[in-house]
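Q: I am attaching a structure below and will ask some questions about it afterwards.
The values are calculated or read from the model by the stated rules, or taken from the named source; none is laboratory data. What you are looking at is a predicted structure, and each value in this text was computed from that prediction instead of being measured. Cβ placement follows ideal geometry from the backbone for every residue including glycine, while neighbour counts extend to all protein chains displayed. Accessible surface is based on the protein model in full, side chains and every heavy atom, while ligands, DNA and RNA are left aside. Shrake-Rupley method; radii C 1.70, N 1.55, O 1.52, S 1.80 Å.
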Amino acid sequence: MKRIRRDHQVRRFHQAKWDEPVIFELHRPGERGVIPPGSEESLAAEVGDGTGRIPDSMRRSELPKLPEIGQAKVLRHYLRLSQETLGSDLNVEIGQGTCTMKYIPRINEMLIRTPHLTELHPLQDEESVQGMLEIFHRTDLAMREISGMDAFSFQSSSGTQALLAMASIVRAYHESRGEGDTRDEIITTIFSHPSQAATAAVKGYKIITLHPDEDGFPDLEKLKKAVSPRTAGFVVANPEDTGIYNPRIREFTDVVHAAGGVCYYDQANANGLLGITRAKEAGFDMCFFNLHKTFAAPHMCGGPATGALGVAEPFKRFLPGPVVDLENGRYVLKGQEDGSIGKVRSFHGVAQTVLRAYAWIMSLGPDGLRDVARIAVLNNNYLYHKILKIRGASAPYIRGRRLEQVRYSWKQLTDETGVTTEDITRRMCDFGLHYWTSHHPYIVPQPFTLEPTESYSKEDLDEYIRALEHISNEAYSNPEAVKTAPHNSTVHRNDESSLDDPKQWCITWRAYLKKAQEN
Amino acid sequence: MEAYPLTRTRTFAHPYIPNTVPEVQAEMLKEIGLDSVDQLHDAIPESLKLNRDMKLPPAMTEHELRRHIDALLAKNKHGGAYLNFLGAGCWQHFVPAVCDEINQRSEFVTAYAGEPYEDHGRFQALFEYQSLIAELVDMDVVNVPTFDWAQAASTAIRMAGRITGRRTALLPKSADPDKIMIIRNYCTPVMELRLVEIDSATGRIDLDDLRAKLDADTAAVYFENPGYLGIIEDQGSAISALAHEAGAVSIVGVDPISLGVLQPPGGYGADIVCGDLQPLGMHMNYGGGQAGFIATRDEETYVMEYPSRLFGIVPTEVEGEYGFGDVAYERTSFALREKGKESVGTQTALWGITAGVYLSLMGPYGMQELGGTIMQKSQYAAKKLAAIPGVGLRFPGTAFFKEFVVDFNGTGLKVAEINRRLAEAGIFGGKDLSGGFPEWGQCALYCVTEIHSKADLDRLAEAIAKIVAKP
């Protein structure tokens, strides 16, 4: 037969387009999606209509205006919406820098779906949950070895919540020493995640933000000027969101400690460091790992996740509780000690995610974890090398010293063609690829942040690079093709004019029905 | 392609890390001008390097892993095999199979921060979630889920603080002590919490004490329906009116599964409604199924104080398409760092989508029937337990939903002892309240939902009757 030619340079892709109605439009009076369990007649005979005891003022007078829809229609609707969603299982998701998109092992997803986990109540007696507590404890031990810290709590259900817990511990620590009122400043850096500044502000701290030196390193001289008897803490990511690792980090933590501050470490970018270097040796008092980033739990459209929070010995008593311990061969839940910040989330955190992380660690072992770091950095430097060859792309700051990700810039491309990084975001969708700009503020002009992780093969990386090259060529030859993207998406460009206007924004369907007018 | 030699087994690459293939590594290193993978970490000074193997167990194959984890988890006793009457913030409800099917979908499980053009379905599903909850709670604005109910209540209180420019919030003493702990941590030092007495006979809020504690610095009055102890607080209009007279915001926390039969809080004056989504299609997951929601009227003053993402519906440049995008994104800490409203990051979005699936399946009549069934079954259980000599109800005259306080003081036994013996009979008894509410002695919070059959409830009553029977 004739050889089928497949030599196109970029993937021919079209996102699913079901032109799906909003669920309320599927309403058909009388249809049902599911029948919930009811009461036996004999039980009803004994207590009557249970709602009879509702006080008159508390009886619902009008049923909620939920749609009535048959089960198959509901299933079809949500499956169609899932098809119109490009999860990391479906694309080379190296474009979501700072979030460490990696392969989600299927076995882990199967393991969490047993009733031995899903049907556990968090207040069950310790004796009845020994298996689950053992998994918490084993994961704690592994995290201690990986970080050098002395104890972990898994209560925080995101990195942001872990940062909040750490800022809370900083406050509790200084209060315990009678310095709660005098130490009111937390120092961070502009290339750390926005949550570091925001969560410290939630705890009432004044934020001091350090800007980098000309090579992109956090500026030690600026830190020395910033510390004072008012310094409560220092929170930093290392490597920062630029992928630049600060080799003088130990000097930074020493300076802050000398001023009486607490050093806490945002390890959202830890993927290139596993088995290579640790929080302890860098002088940190606390750190956290995002289990949904570094430890291959999925991101689930934005949670639930876990920010595993580790502390050095002097800070153990402040940890949110309960935490799991092993006593005489039995796993026990230890409540909060005096001075603990109490709790940051209900119960023990997201147990499914802790199990996923444990399974992943056991699948890799010490050698595998170090391979994760090595290959993630290899992949990143390969990508870096290739991206800098693309016309219009650059990477501000120092060359040749990047770990797991890089924050790049299209400034030259934008200056020369008018095509912006936002335009490229939409155009990348046309090739079935996700691409992210970066956090605001855009310190790096026309930014984009790529983090390839260990999960992608050389061919995957090459595919992503070819798509960016293709778009760069388009920008120089036919910029309109990029500016008018997406062309192969479920939908075309949004008219965003209403999103910031209180008279026009529609945050629910009922608000839309009230506000939408006939043209 | 060469034929494969018979004897060669390749073992270089870890299944999760394709570029561990030595030839590929060599090719990539050459491309970037390095000789060895060890040079990749040159940016890290030697003094900070671990330079030893981590002390962790060796890698397992998938099969070994499965056996290992299955063996660990088999040690757990679970609510599928035991009769479970624990609630107190995490509840065992019926989960429709379609909810599990949708929240297991690879696309939703592995999606994260995609754009409206590649994740149109995720944006729509979350907009629909907001819209479905809005109908249930009868409000026009709902946010993308928060971490849990405690977080939602915390943020509602801080929103009220910003709106009123005041610093204190009043909460009933009957609230979950753990929830109060979480709220206190989140609000300190910006907001101060003060607890309001409850009526010792009815469990409802003591209006006189509330009146006495309201002052010019009160930003919010927070109360719940049904409350932590299951109590239906029927003084909502009076509480909200008192709050409003004092210039404070009325915040009501609800268990959303009650709203097929109970009045939505806007009907008795709530300005902000919050609660937990876990009852709406999430398994208990050892407490990993919690997710919070916040709802308000569609007023700029309220909307601009949300820290969370809010998805809105918009036209696209092509007539006939629905588009979805972020409403007032510049509120958030993603945009403004420490100057944004509180802080936002990963929350619990997948549970929001799942709650949307649940409400779509149930519809208005499903929610109404379910609410009635829960009331019937919990009343039946309470009646059976109260009939046991020595056992009574802590608040016998007060209407409750799903949960109720059982008083064991007359039995001479501790709740811990009763629960230990119930466990031997394959039953998880109610939550021991003697730690959180010591003034009541030996009381326990029992939770009865639609999943319990009459036979289950009879079995519970018989087991307790046997345990507390005097010889």
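Q: Among the candidates B:Ala399, B:Ala416, B:Ala387, B:Ala382, which residue alone is within 12 Å of chain A (Cβ to nearest Cβ), open to solvent by 20 Å² or more (accessible area, probe 1.4 Å) and either touching a Lys or Arg at 6+ places or on another chain (Cβ under 8 Å) or in contact (Cβ under 8 Å) with a residue 40 or more places away in the chain (or both)?
A: B:Ala387
Q: Against the condition open to solvent by less than 10 Å² (accessible area, probe 1.4 Å), at positive phi and assigned to a helix (DSSP H, G or I), how does A:Gly365 come out, does it pass?
A: Answer is yes for this residue.
Q: Exactly one of (1) facing another protein chain (nearest Cβ under 8 Å); (2) touching a helix residue (DSSP H, G or I) at 6+ places or on another chain (Cβ under 7 Å) is unmet by A:Gly307. Its number?
A: (1)
Q: Determine which member of the set A:Tyr476, A:Tyr464, A:Tyr512, A:Tyr442 is out of contact with any strand residue (DSSP E or B) (no Cβ under 6 Å at 6 or more places or on another chain), open to solvent by 30 Å² or more (accessible area, probe 1.4 Å) and part of a helix (DSSP H, G or I).
A: Criteria check complete, one pass: A:Tyr476.
Q: Of the residues A:Val324, A:Val344, A:Val354, only one is facing chain B (nearest Cβ under 10 Å) and either open to solvent by 20 Å² or more (accessible area, probe 1.4 Å) or over 30 Å from B:Pro18 (Cα atoms) (or both); which?
A: A:Val344
Q: Within the range B:406-433, count every residue that is farther than 17 Å from B:Gly230 by Cβ and part of a loop (DSSP other than H, G, I, E, B).
A: Total satisfying the criteria: 5.
Q: Follow-up question, since we're still on this one. Here are some residues: B:Pro226, B:Pro189. Which one is surrounded by fewer than 24 Cβ atoms within 10 Å (Cβ to Cβ) and free of Cβ contacts under 8 Å to residues at least 24 places away in the same chain?
A: Only one candidate passes the filter, namely B:Pro189.
Q: Does the range A:388-399 include one or more residues that are farther than 26 Å from B:Glu118 by Cα, crowded, with 22+ Cβ neighbours inside 10 Å, without any contact (Cβ under 8 Å) to a residue 24 or more places away in the chain and not assigned by TED's automatic domain parsing to the domain that holds A:Thr242?
A: The answer is no; no qualifying residue exists.
Q: If you don't mind, another one. Among the residues of the range B:15-31, which ones are open to solvent by less than 60 Å² (accessible area, probe 1.4 Å) and closer than 13 Å to A:Leu383 by Cα?
A: B:Met28, B:Leu29
Q: Looking at B:Arg105, B:Arg167, which is the one that is over 14 Å from A:Gly302 (Cα atoms), modelled with pLDDT of 95 or more and within 7 Å of chain A (Cβ to nearest Cβ)?
A: Going through B:Arg105, B:Arg167 in turn, just one is over 14 Å from A:Gly302 (Cα atoms), modelled with pLDDT of 95 or more and within 7 Å of chain A (Cβ to nearest Cβ): B:Arg105.
Q: Please identify the pairs in which a residue from the range B:140-162 that is within 8 Å of chain A (Cβ to nearest Cβ) has its Cβ atom under 7 Å from the Cβ atom of a residue that is of a type in the set (S, T, N, Q) and assigned to a helix (DSSP H, G or I), counting only partners at least 6 apart or on another chain.
A: B:Val142/B:Gln130; B:Phe147/A:Gln161
Q: Restricting the search to the range A:285-310, which residues are over 15 Å from the mean Cα position of the chain (by Cα) and open to solvent by 10 Å² or more (accessible area, probe 1.4 Å)?
A: Within the range A:285-310, A:Asp285 is the sole residue that qualifies.
Q: Would you say B:Arg309 is in contact with an Asp or Glu (Cβ under 7 Å, 6 or more places away or on another chain) and either more than 30 Å from B:Gly429 (Cβ to Cβ) or in a strand (DSSP E or B) (or both)?
A: When the stated conditions are applied, B:Arg309 passes them.
Q: Quick check on the range B:63-78. Is at least one of its residues surrounded by fewer than 18 Cβ atoms within 10 Å (Cβ to Cβ) and in contact (Cβ under 8 Å) with a residue 24 or more places away in the chain?
A: Checked against the condition, which is being surrounded by fewer than 18 Cβ atoms within 10 Å (Cβ to Cβ) and in contact (Cβ under 8 Å) with a residue 24 or more places away in the chain, the range B:63-78 yields no hits at all.
Q: Starting from residues that are charged (D, E, K, R) and open to solvent by 10 Å² or more (accessible area, probe 1.4 Å), keep the ones in the range A:134-150 and report whichever is farthest from A:Ala279 (Cα to Cα).
A: A:Glu134
Q: Among all residue pairs at least 6 apart or on different chains, which show Cβ distances below 6 Å where the first residue, located in the range B:306-318, is more than 7 Å from chain A (Cβ to nearest Cβ) and the second is assigned to a loop (DSSP other than H, G, I, E, B)?
A: Short answer, once both residue conditions are applied: B:Tyr306/B:Asn143; B:Pro307/B:Lys341; B:Pro307/B:Glu342; B:Pro307/B:Val344; B:Ser308/B:Asn143; B:Ser308/B:Val144; B:Ser308/B:Val344; B:Arg309/B:Val144.
Q: I'm trying to understand the selection: among the residues of the range B:32-60, which are open to solvent by less than 80 Å² (accessible area, probe 1.4 Å) and either out of contact with any Pro (no Cβ under 9 Å at 6 or more places or on another chain) or in contact (Cβ under 8 Å) with a residue 24 or more places away in the chain (or both)?
A: Scanning the range B:32-60 gives B:Ile32, B:Gly33, B:Leu34, B:Ser36, B:Val37, B:Gln39, B:Leu40, B:His41, B:Lys49, B:Leu50, B:Ala59, B:Met60.
Q: While we're on this one: Hey, does the range A:195-206 have a residue that's open to solvent by less than 10 Å² (accessible area, probe 1.4 Å), assigned to a loop (DSSP other than H, G, I, E, B) and more than 9 Å from chain B (Cβ to nearest Cβ)?
A: No: zero hits.
Q: Given the criterion in contact with a strand residue (DSSP E or B) (Cβ under 6 Å, 6 or more places away or on another chain) and farther than 24 Å from B:Tyr186 by Cβ, identify the matching residue among B:Thr316, B:Thr373.
A: Residue meeting the stated conditions: B:Thr316.
Q: Do any residues in the range A:222-246 that are without any contact (Cβ under 8 Å) to a residue 40 or more places away in the chain have Cβ atoms under 6 Å from those of residues that are among the polar types (S, T, N, Q), where the two are at least six apart or on different chains, and which pairs are they?
A: Pairs found: A:Asn246/A:Asn238.
Q: Test A:Ser457 against the stated conditions and say whether it is open to solvent by less than 30 Å² (accessible area, probe 1.4 Å) and without any contact (Cβ under 8 Å) to a residue 12 or more places away in the chain.
A: In short, yes.
Q: Given the options B:Leu6, B:Leu86, name the one that is more than 7 Å from every other protein chain (Cβ to nearest Cβ) and either in a loop (DSSP other than H, G, I, E, B) or in contact with a Lys or Arg (Cβ under 9 Å, 6 or more places away or on another chain) (or both).
A: Being more than 7 Å from every other protein chain (Cβ to nearest Cβ) and either in a loop (DSSP other than H, G, I, E, B) or in contact with a Lys or Arg (Cβ under 9 Å, 6 or more places away or on another chain) (or both) holds for just one of B:Leu6, B:Leu86, which is B:Leu6.
Q: Confirm whether B:Arg184 is surrounded by fewer than 21 Cβ atoms within 10 Å (Cβ to Cβ) and in contact with a strand residue (DSSP E or B) (Cβ under 6 Å, 6 or more places away or on another chain).
A: Here the answer is yes, as B:Arg184 does meet what is asked.
Q: Criterion first (buried (at least 21 other Cβ atoms within 10 Å of the Cβ), within 18 Å of A:Pro304 (Cβ to Cβ), within 20 Å of the chain's Cα centre (by Cα) and more than 7 Å from every other protein chain (Cβ to nearest Cβ)) does A:Ser153 satisfy it?
A: yes
Q: Scan the range A:405-424 for residues that are buried (at least 22 other Cβ atoms within 10 Å of the Cβ), within 13 Å of another protein chain (Cβ to nearest Cβ) and without any contact (Cβ under 8 Å) to a residue 40 or more places away in the chain and jot them down.
A: Across the range A:405-424, the qualifying residue is only A:Thr421.
Q: While we're here: Among the residues of the range A:43-50, is any more than 30 Å from B:Gly114 (Cβ to Cβ), modelled with pLDDT under 95 and facing chain B (nearest Cβ under 7 Å)?
A: Yes, the range A:43-50 contains a residue that is more than 30 Å from B:Gly114 (Cβ to Cβ), modelled with pLDDT under 95 and facing chain B (nearest Cβ under 7 Å).
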